[in-house]
């Protein structure tokens with residue numbers, strides 16, 4: 001691994017394999033040309049780390065350096081880690097994808113949901129993208145309250161017929177299944193069964209002892225004058241404040257609560273509040289890209305990985321208002337080339353609001369992770385991440 005590299009306005013730390021100097025150049029370019037504040041990127045190939053880079057600042061005032069162990073909230077990049085937990089239970093025969101959710105969670109049968117299938121939760125087809133009744137801000141941190149609200153909620157569309165992004169509710173829906181079956185909370189299960197054994201610095205429910213190393217996220221950028229509807233997440237939410245998208249993201253008011261608050265960091269919100277390093281994300285995906293194992297740690301069996309990326313939903317998204325593609329708990333490369341996880345059609349992963357992303361490519365045996373603290377406006381893949389992904393594949 002090389003420690004040298006081109007000059008940049010930002011201080012770049014870390015190492016790259018000499019073959020992957022293009023990734024260092026692209027990383028520096030993000031600071032010089034794309035207003036990066038602080039970020040990290042990690043790439044594994046065939047189970048070996050070939051890129052581990054960090055740079056910039058952990059705070060928006062640019063007074064605190066981004067360190068190799070700087071964590072940052074990665075929003076929906078968390079969803080894939082939640083899905084892994086569910087797929088482990090499927091693999092063990094403890095959860096069936098084609099069983100009704102109510103088999104494991106009897107209260108869920110309310111409001112005509114007695115036959116709603118587990119696979120529809122994972123593939124965003126359940127029609128439970130939002131809670132209709134207004135919820136107080138404190139409900140965001142109350143697991144039982146959110147699960148009770150979702151169990152009582154009638155579906156917004158006929159389950160299984162369409163799909164729409166379950167932006168925040170995904171984590172409670174899938175996480176409660178894990179809790180009902182295993183007894184542990186989703187965050188604890190993930191830490192004890194996946195992240196801990198892998199040595200992956202990824203947390204769902206961050207202990208107070210780790211808060212000091214968290215990077216400060218910027219605010220979500222507001223729409224620009226003349227920006228078309230759907231061009232950014234903020235534009236989508238503001239286009240119809242009473243619509244399904246706004247309810248999905250803002251009831252309870254998750255954005256207003258603020259990801260930089262200790263209450264947000266310590267809560268378990270498995271659809272939105274994972275905290276990770278780029279290395280932590282890439283380390284998990286590296287295992288998925290290499291048959292489901294890393295060293296002696298089993299994450300998922302090969303047949304489980306195939307289930308993860310089996311296409312389930314494609315086309316108009318009833319929440320986001322754009323076309324999206326999902327497997328079982330994971331996003332797939334989108335039909336729009338600029339939103340693809342590299343050139344391999346079988347790659348699968350998940351982006352997070354603002355720009356973070358992780359994915360696995362079993363064909364090229366690549367595990368990729370990118371984190372940042374300047375929120376970008378894009379709904380799917382951020383241009384900063386695309387630049388790094390392109391550089392990584394150009395180096396193979």
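If only residues of region 321-335 that are at pLDDT 95 or above and in a loop (DSSP other than H, G, I, E, B) are counted, the one that is surrounded by the fewest Cβ atoms within 10 Å (Cβ to Cβ) is 327.
For region 1-18, a tally of residues being at pLDDT 95 or above and either assigned to a loop (DSSP other than H, G, I, E, B) or surrounded by 13 or more Cβ atoms within 10 Å (Cβ to Cβ) (or both) returns 6. Count, please, the residues in region 362-382 that happen to be in contact with a helix residue (DSSP H, G or I) (Cβ under 6 Å, 6 or more places away or on another chain) and under 18 Å from residue 294 (Cβ atoms). Within region 362-382, residues that are in contact with a helix residue (DSSP H, G or I) (Cβ under 6 Å, 6 or more places away or on another chain) and under 18 Å from residue 294 (Cβ atoms) number 6. Scanning region 84-118 for residues that are within 17 Å of residue 150 (Cβ to Cβ) and part of a helix (DSSP H, G or I) yields 86, 101, 102, 103, 106, 107, 108, 109, 118.
Just one of 266, 309 is in contact with a strand residue (DSSP E or B) (Cβ under 7 Å, 6 or more places away or on another chain), on the phi < 0 side of the Ramachandran plot and in contact (Cβ under 8 Å) with a residue 24 or more places away in the chain; which is it? Please lay out each step first, then the result.
Values: 266 fails: in contact with a strand residue (DSSP E or B) (Cβ under 7 Å, 6 or more places away or on another chain).
Of 266, 309, the one residue that is in contact with a strand residue (DSSP E or B) (Cβ under 7 Å, 6 or more places away or on another chain), on the phi < 0 side of the Ramachandran plot and in contact (Cβ under 8 Å) with a residue 24 or more places away in the chain is 309.
The rows are residues; the columns are (1) in the same structural domain as residue 107 (by TED's automatic domain parsing); (2) touching a strand residue (DSSP E or B) at 6+ places or on another chain (Cβ under 7 Å); (3) surrounded by fewer than 24 Cβ atoms within 10 Å (Cβ to Cβ).
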{"residue": "146", "(1), (2), (3)": "yes, no, yes"}
{"residue": "158", "(1), (2), (3)": "yes, no, yes"}
{"residue": "162", "(1), (2), (3)": "yes, no, yes"}
{"residue": "173", "(1), (2), (3)": "yes, no, no"}
{"residue": "208", "(1), (2), (3)": "no, no, yes"}
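Applying a threshold of 6 Å to beta carbon distances and a minimum spacing of six or more residues, or different chains, the list of pairs starting in region 110-123 at a residue that is under 24 Å from residue 78 (Cα atoms) and in the same structural domain as residue 329 (by TED's automatic domain parsing) and ending at one that is modelled with pLDDT of 95 or more and in a loop (DSSP other than H, G, I, E, B) is empty.
Residue 222 meets all of the listed conditions (1) outside any helix (DSSP H, G or I); (2) modelled with pLDDT of 95 or more; (3) out of contact with any strand residue (DSSP E or B) (no Cβ under 8 Å at 6 or more places or on another chain) but one, namely (2).
The values are calculated or read from the model by the stated rules, or taken from the named source; none is laboratory data. Every value quoted in this text rests on a predicted model; they were computed, and no experiment measured them. We place every Cβ from the backbone using ideal geometry, glycine too, and count neighbours over all the protein chains shown.
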